[in-house]
Structures are given as structure tokens and as C-alpha cells.
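Peer 1: Structure incoming, see below.
The values are calculated or read from the model by the stated rules, or taken from the named source; none is laboratory data. Since we're looking at a predicted model, the values are computed, not measured. Here Cβ is always computed from backbone atoms with ideal geometry, including for glycine, and neighbour counts include all displayed protein chains. Heavy atoms of the whole protein, side chains included, go into the accessibility calculation; ligands, DNA and RNA do not. Shrake-Rupley method; radii C 1.70, N 1.55, O 1.52, S 1.80 Å.
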Amino acid sequence: MVEILEVLPGSPAAKAGVLPGDVLLSVNGEAIRDVLDYRFFAVDPHSTLVVSRAGEELTFPLRNRAYEELGLEFRSYLMDEKKHCANHCIFCFIDQNPPGMRETIYFKDDDERLSFLQGNYVTLTNLQDRDVERIVRMRISPVNVSVHTMNPSLRVQMMRNRFAGEKLRYLKQLDEGGIRINAQLVLCRGVNDGEELDYSIGELCKLENLESLAAVPCGMTAHREGLTEIKPYDRASASDVIDRVERMAARCLQQRGSRTVYASDEFYLLAERPIPPAEAYEDYPQLDNGVGMLRLHTEEFRDALESYEGKCARRHVSIATGVAAELHMKELAGLACGRFPSLRVDVHAIRNKFFGESITVSGLVTGGDLIEQLSGVELGDVLLLPENMLRHEGDLFLDGVSLSDVEEKLKIRVEVTGRDGEDLLAKLLGEGEE
């Protein structure tokens with residue numbers, strides 16, 4: 001049952017007489033369970049809604065254009081509750097969070113609807129046959145899948161879910177249904193890498209509709225008490241992963257016309273190997289998994305710098321980043337300062353005391369660590385922070401410290417840079433500032 005929270009004034013639903021508090025039962029004769037049903041069945045012109053009002057079923061023919069919003073608002077984005085993850089993965093990052101954080105940070109979702117709507121990765125263990133049939137029927141594509149291994153027994157062991165192995169059959173059903181698949185393998189050293197990695201990549205590349213596959217190292221915080229012991233990747237083991245991935249990528253390029261398989265930037269940093277050139281990432285299909293992110297950022301920054309025709313006033317800028325991106329940011333800062341001698345840029349790599357210093361990505365840097373490590377440091381005119389340090393609303397760090405708290409404690413104006421290199425250059429040069 002899906003209760004209608006609001007009916008937008010002047011919308012097709014409002015004109016038809018639908019009211020807040022009505023319970024939406026069906027659209028065009030199709031029962032509505034959630035947002036996917038609603039979006040799929042409400043695209044036709046001249047929709048018919050059936051609602052329940054005070055126990056009575058009412059039918060409302062709507063006069064709407066194809067793909068026009070009907071004007072209904074619901075209590076939640078999904079129109080029901082998020083699906084909670086049923087796995088207990090040995091590498092789960094949420095299990096490694098320290099206490100005292102916002103309650104929402106501890107929620108583990110595993111919801112195929114969020115895969116389509118927001119790009120989340122799902123394990124398939126929450127799905128039933130009817131869910132897969134619905135995905136195929138609605139042509140919900142692509143689906144992002146956390147596979148981890150194609151060895152069924154190993155998948156059960158890693159995810160500690162007795163159904164994890166058998167649910168791999170859904171990959172074949174999705175593929176046969178023409179659904180495009182992006183997959184990820186979260187690698188644990190000595191568990192699902194090595195020959196197991198070769199096997200998983202080989203099996204996944206048999207899927208005709210596999211669009212991309214990313215291999216990423218599991219993240220390990222300092223808060224793993226009572227959890228499965230996992231060795232962190234070092235230079236040699238990270239290099240082995242890269243060699244296996246690149247070997248399979250070369251084979252895919254020959255057989256499929258696309259590399260398809262990629263190792264995340266973090267593996268290259270761990271292995272102390274250069275990030276591959278732009279052409280190695282094709283159209284960057286796995287950016288959200290940190291695959292090619294540094295390369296794209298560099299290319300965007302260089303392009304913006306080459307085409308920039310303005311000048312730069314005397315200016316001192318500080319950049320805070322994670323330890324992993326320190327050399328990358330220093331390279332870009334050097335390019336900008338080489339072009340503009342009046343520009344001074346200092347890059348500060350923030351060690352992660354909150355999660356543990358093995359966590360080096362900027363997206364997990366907290367406000368508390370920023371304040372502690374930058375207090376008393378000459379930061380110049382402005383401090384630049386990447387947007388991934390903050391939650392989606394752009395106001396809070398993971399530890400609950402606000403952006404204004406950082407500004408107040410460090411006595412510095414803070415600017416948040418967007419994801420692309422062009423925005424970084426603009427913020428370095430003070431474009432748009434009075």
C-alpha cells in the first residue's frame with residue numbers, strides 16, 4: 001500500500017480529483033508496489049489511477065501527456081522502505097565504522113531499485129525470481145552488481161550468506177534478458193584474488209551484456225575488532241592484481257572490442273605504478289569505483305589550463321586531500337603555479353586518525369582530522385576541499401563536524417571543489433570571487 005502524501009496543484013492528478021491521504025492501488029491496471037512500478041506504468045498518456053479512500057475504491061481517468069509527471073508525492077523516495085542487506089561480508093566497511101556517528105551511516109542497504117535510480121551496487125541476495133523478471137520486463141538497465149567472486153562456495157564464505165552462491169544464476173538471467181551489467185569485485189588479499197580473480201573475470205566476461213568490471217581493494221579501518229583477519233595489499237600483491245586485470249583487459253579488447261575490465265586507481269597507487277593513459281579507460285564506465293578518476297581529473301585540469309586566457313592575482317591557496325591523492329594534487333598545483341608565478345598552492349595530506357591511517361582516500365577524511373592537523377598552519381587566502389569529503393547536502397563531514405565548524409576553528413574561508421578538474425582550476429585562480 002502506497003499512501004499519497006501530496007498532490008501538486010494544477011497537476012493531472014489534482015485536476016482529476018486525487019487527494020492527499022489516498023492510497024494508490026494501481027496505474028493503468030497494474031498494481032503499484034514501489035517507485036519502479038509507478039515510474040514504469042505511469043508514462044502512458046491518458047493514465048487511469050485507482051485509489052483507496054476511506055475504504056472505498058475510486059477510479060480517476062487522467063488527462064496527461066506521455067511521460068508527463070502525474071503530480072503525486074509520496075512519503076519516501078522509493079515509496080516504501082529501503083531493503084536492508086542480508087549479508088555479513090568479511091570485508092564490509094560499515095562493520096568497521098567507529099561508534100558515535102550518525103545513525104544513517106550504519107544502515108546497510110542492498111536494494112536493486114537504488115542500483116537503477118542512484119547507481120548503487122547490489123549483491124542480488126535480496127532478489128527473488130519475480131524481482132529479476134520485473135527488471136527484465138521493465139528493461140531496467142544497467143544493473144550494478146557486487147559480485148566479488150564467481151566461485152559459488154567462496155561467495156558464500158565471503159558474504160556469509162548461504163544463498164550468495166546460488167544467486168549468481170541471476171547474472172545469467174539478466175544477461176539473457178538483455179540487461180546491461182556493471183560488476184565489481186571487492187578483493188581481499190589471499191581470498192578472492194590470484195587464480196580466483198582470473199576465474200571470476202573469465203566467467204563474467206562470458207556474459208554478452210557485461211559492460212564493465214572493476215577490481216577494487218577492500219577498505220580496512222582501524223576498527224576491525226572481532227572481524228575476519230585480512231591482510232592489506234602491499235606493493236607486490238597490488239602489482240599482481242594489476243597484471244592479472246591488464247592481461248584480461250587485453251584479451252577482452254581483442255575478443256570484445258573493449259577492455260571491459262579495470263583495476264581501481266588505488267591498486268596503482270599501492271603498487272607505485274603510473275596511472276594508465278586516458279585511452280585505457282575508454283569512456284570511463286567505472287568512475288564511481290575510483291577507476292580512472294585521477295587520470296580524468298588530470299586531463300580535465302590540463303585542458304582547462306591550456307585554454308585559460310585570464311590572469312591570476314597574487315594569491316595563496318591551500319588544498320586539503322587524502323594521503324592517496326597527495327602526489328596527484330601536487331602535480332596539478334605545480335602545473336598551475338608554473339603557468340601563474342603569482343599563485344602559491346600548498347597541498348596538505350590529511351592522515352586519517354578517525355578511521356585509521358590505512359584509510360587514505362579523501363572521501364573519508366573527517367572534519368575533526370582537518371581541524372586537528374591544520375590548526376596553526378598558514379593556509380593563506382582560502383582552503384579548498386573536495387566535495388566528496390562532505391555528505392550529499394554539502395554541509396557535514398562523516399564525524400558530524402560542519403563546514404562552518406572547520407571555517408571557524410581554522411579561521412579560514414573554505415571553498416568546496418567539484419568533481420572535475422576544470423572546477424579545481426577555477427577555484428585555484430579565484431574565478432567568480434569578488
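Peer 1: Looking at region 46-61, can you tell me whether even one residue there is touching a residue at least 12 places away in the same chain (Cβ under 8 Å), open to solvent by less than 80 Å² (accessible area, probe 1.4 Å) and within 24 Å of L124 (Cα to Cα)?
Peer 2: The answer is no, given that none of the residues of region 46-61 is touching a residue at least 12 places away in the same chain (Cβ under 8 Å), open to solvent by less than 80 Å² (accessible area, probe 1.4 Å) and within 24 Å of L124 (Cα to Cα).
Peer 1: Consider Y67 carefully, then state whether it is of a type in the set (F, W, Y) and open to solvent by 70 Å² or more (accessible area, probe 1.4 Å).
Peer 2: Yes: the conditions hold for Y67.
Peer 1: Those residues that are touching a helix residue (DSSP H, G or I) at 6+ places or on another chain (Cβ under 8 Å), of a type outside the set (A, V, I, L, M, F, W, C) and under 21 Å from E208 (Cα atoms), I need them from region 247-303; list them, please.
Peer 2: Once the filter is applied, which keeps residues that are touching a helix residue (DSSP H, G or I) at 6+ places or on another chain (Cβ under 8 Å), of a type outside the set (A, V, I, L, M, F, W, C) and under 21 Å from E208 (Cα atoms), region 247-303 yields S258, R259, T260, Y262, Y281, Y284.
Peer 1: Do you know which residues across region 233-260 are closer than 28 Å to H88 by Cβ, open to solvent by less than 30 Å² (accessible area, probe 1.4 Å) and outside any loop (DSSP other than H, G, I, E, B)?
Peer 2: Residues satisfying the conditions are S237, A238, V241, V245.
Peer 1: Still on this structure, I have one more. Being in contact (Cβ under 8 Å) with a residue 40 or more places away in the chain, closer than 30 Å to R139 by Cα and not polar (S, T, N, Q) is the filter here; which residues of region 199-227 pass it?
Peer 2: Y199, I201, G202, E203, L204, C205, L210, E211, L213, A214, A215, V216
Peer 1: Give all pairs with beta carbons closer than 7 Å in which a residue from region 356-368 that is under 14 Å from M101 (Cβ atoms) meets a residue that is open to solvent by 40 Å² or more (accessible area, probe 1.4 Å) and of a type in the set (F, W, Y); count only pairs at least 6 apart in sequence or on separate chains.
Peer 2: Final answer for the pair search is T366/F354; G368/F354.
Peer 1: How many of the residues making up region 402-424 are more than 24 Å from the chain's Cα centre (by Cα) and either among the aromatic types (F, W, Y) or surrounded by 16 or more Cβ atoms within 10 Å (Cβ to Cβ) (or both)? Talk me through it step by step, then tell me what you get.
Peer 2: Here is the first cut: in region 402-424, the residues more than 24 Å from the chain's Cα centre (by Cα) are 404-414.
Still in the list and also either among the aromatic types (F, W, Y) or surrounded by 16 or more Cβ atoms within 10 Å (Cβ to Cβ) (or both): 405-406, 409-410, 412, 414.
Residues flagged as more than 24 Å from the chain's Cα centre (by Cα) and either among the aromatic types (F, W, Y) or surrounded by 16 or more Cβ atoms within 10 Å (Cβ to Cβ) (or both) within region 402-424 amount to 6.
Peer 1: For residues in region 43-69 being farther than 16 Å from E3 by Cα and among the small types (G, A, S), which is nearest to the chain's Cα centre (by Cα)?
Peer 2: A66
Peer 1: Count, please, the residues in region 410-432 that happen to be of a type in the set (K, R), at negative phi and in a loop (DSSP other than H, G, I, E, B).
Peer 2: Of the residues in region 410-432, 2 are of a type in the set (K, R), at negative phi and in a loop (DSSP other than H, G, I, E, B).
Peer 1: Run A31 past the list (1) open to solvent by 40 Å² or more (accessible area, probe 1.4 Å); (2) without any contact (Cβ under 8 Å) to a residue 60 or more places away in the chain; (3) within 32 Å of the chain's Cα centre (by Cα); (4) within 12 Å of E73 (Cβ to Cβ) and report the number of the one that doesn't hold.
Peer 2: (4)
Peer 1: Given the criteria surrounded by 13 or more Cβ atoms within 10 Å (Cβ to Cβ), among the β-branched types (V, I, T) and at pLDDT below 90, does V2 qualify?
Peer 2: yes
Peer 1: Go through region 323-377 residue by residue and tally those that are part of a loop (DSSP other than H, G, I, E, B), open to solvent by 20 Å² or more (accessible area, probe 1.4 Å) and either hydrophobic (A, V, I, L, M, F, W, C) or touching a His at 6+ places or on another chain (Cβ under 8 Å) (or both). So that I can check it myself, show each step before the final result.
Peer 2: Initially, region 323-377 is screened for residues part of a loop (DSSP other than H, G, I, E, B), giving 340-342, 351-361, 365-366, 375-377.
Subset that is open to solvent by 20 Å² or more (accessible area, probe 1.4 Å): 341-342, 351, 353-354, 357-358, 360-361, 375-377.
Filter once more, so that each one left must be either hydrophobic (A, V, I, L, M, F, W, C) or touching a His at 6+ places or on another chain (Cβ under 8 Å) (or both): 354, 361, 377.
Counting residues in region 323-377 that are part of a loop (DSSP other than H, G, I, E, B), open to solvent by 20 Å² or more (accessible area, probe 1.4 Å) and either hydrophobic (A, V, I, L, M, F, W, C) or touching a His at 6+ places or on another chain (Cβ under 8 Å) (or both) gives 3.
Peer 1: Another question, if that's okay. Suppose we keep only residues that are free of Cβ contacts under 8 Å to residues at least 24 places away in the same chain and touching a Gly at 6+ places or on another chain (Cβ under 6 Å) within region 264-287. Which one would you say is least open to solvent (accessible area, probe 1.4 Å)?
Peer 2: Y281
Peer 1: For the list (1) in contact with an Asp or Glu (Cβ under 8 Å, 6 or more places away or on another chain); (2) within 14 Å of L207 (Cβ to Cβ); (3) without any contact (Cβ under 8 Å) to a residue 24 or more places away in the chain, I need the number of the one condition that D131 fails.
Peer 2: Only one criterion in (1) in contact with an Asp or Glu (Cβ under 8 Å, 6 or more places away or on another chain); (2) within 14 Å of L207 (Cβ to Cβ); (3) without any contact (Cβ under 8 Å) to a residue 24 or more places away in the chain is unmet by D131, namely (2).
Peer 1: Continuing with this model, one more query. Which of the residues belonging to region 307-322 are among the basic types (K, R) and either assigned to a strand (DSSP E or B) or under 29 Å from the mean Cα position of the chain (by Cα) (or both)?
Peer 2: Within region 307-322, R315 is the sole residue that qualifies.
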